[in-house]
Amino acid sequence: MARLLYLECSPHAGRSAGAQMLRPILDEFEAKGVRVTTRILSGPTLEPISTHYARAITSPGQPNDNAFAGSEQLIGELEHSDGVLINTPMHNFTVPAALKLWIDYVLRIGRTFVSTPDGKVGLLQDKPVLVLVRSGGACTGDDARQPDFLTPYLRHVLHTIGIGSVQFNYLAGREPPDHMWADARRNVYSFLNLLSSNGASA
Ligand SMILES: Cc1cc2nc3c(=O)[nH]c(=O)nc-3n(C[C@H](O)[C@H](O)[C@H](O)COP(=O)(O)O)c2cc1C
C-alpha cells in the first residue's frame, strides 16, 4: 500500500484553492488504498523554534534530547511516506513561514543529513515529491516580473536530506486560467498513479 504525505502550507489551509482542487483527488486515491497523512502547517500547529531546540540541534552528541520530540514526529511522517505532495503559496518570493518552520524541524544535522568536508549529505531515502506553487503573479517563465527563490530553495532543502526527485507545478495569478488548473490536475493524477502503482508492486 502506497503512503503519501500531504503538506498543506497555505494560511487558508483546507479552504485554499489548491487544497480544494486536491481534496477530492486525494479522497479518490484513499478509496483506492493510498494511505494519506495530511499535515496542515498553517496556524498554531508547530511551535516556533525554542531556545531548547536551538541549543539541542547545535550541541553534538545529544541525539535523544526531548527537545526533538516534535521534530521526530515530522521526520517520521516523511520517512514513513513513499511520496510527498506539497501545496504551498509563494510568500515574498519564497516559501511561507509555516513551511520554513517545518524545514527547520526536519533538517537536522546528524539525523537527516551529515556535514562532510565536501558538503552536506542527506540521510533519508529519495522519494518523489510534487510541489504545487500558488502565487499572485507569474514567478517563472517570460512573464515573471519577480524573482523565484522558492523553487531553488526548496529543491536545495530537499536535496540536503537526500530527496532529489522533485517536480514543481505553478499556478500563477489571482485566478489562474482553466488550462493551468487542468495541467495541475493532470500532474497530480500522474504523480499519484505512479505512487500507487509503485506501492502496489512493493
Ligand atoms: C504574506 C504574503 C506574501 C505574498 N507574496 C507573494 C509574492 O512574493 N509573489 C506572488 O506572486 N504572490 C505573493 N502573494 C500572493 C499569494 O501567493 C497568492 O495570493 C496565492 O494565490 C495564495 O495561495 P493560497 O490561497 O494557496 O494561500 C503573497 C501573499 C501573502 C499573504
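Within the option set L158, L124, being touching a residue at least 12 places away in the same chain (Cβ under 8 Å) and out of contact with any helix residue (DSSP H, G or I) (no Cβ under 8 Å at 6 or more places or on another chain) holds for one residue only, L158.
This table checks each residue for (1) touching an Asp or Glu at 6+ places or on another chain (Cβ under 9 Å); (2) surrounded by 17 or more Cβ atoms within 10 Å (Cβ to Cβ); (3) modelled with pLDDT of 95 or more.
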site: G136; (1), (2), (3): no, no, yes
site: Q146; (1), (2), (3): no, no, yes
site: F149; (1), (2), (3): no, no, yes
site: L158; (1), (2), (3): no, yes, yes
site: I163; (1), (2), (3): yes, yes, yes
site: D178; (1), (2), (3): no, no, yes
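Under 9 Å by Cβ, and 6 or more places apart or on different chains, what pairs join a residue from the range 1-13 that is at negative phi and free of Cβ contacts under 8 Å to residues at least 40 places away in the same chain with one that is more than 8 Å from the ligand (Cβ to nearest atom) and of a type in the set (S, T, Y)? Here the result reads H12/S42, each pair linking the range 1-13 to a residue that is more than 8 Å from the ligand (Cβ to nearest atom) and of a type in the set (S, T, Y).
Taking the criterion of being outside any helix (DSSP H, G or I), touching a strand residue (DSSP E or B) at 6+ places or on another chain (Cβ under 8 Å), closer than 23 Å to G199 by Cα and open to solvent by less than 40 Å² (accessible area, probe 1.4 Å), the residues of the range 1-57 that qualify are A2, L4, L5, Y6, L7, E8, V34, V36. Scanning the range 73-109 for residues that are within 12 Å of the ligand (Cβ to nearest atom) and part of a strand (DSSP E or B) yields I86, N87, T88, P89, H91, T94.
The values are calculated or read from the model by the stated rules, or taken from the named source; none is laboratory data. Bear in mind that the values here come from a model prediction, so they are computed numbers and not experimental data. All Cβ positions, glycine included, derive from the backbone under ideal geometry; neighbour counts span all protein chains shown. Protein only, heavy atoms only, side chains kept; ligands, DNA and RNA dropped before computing areas. Shrake-Rupley method; radii C 1.70, N 1.55, O 1.52, S 1.80 Å.
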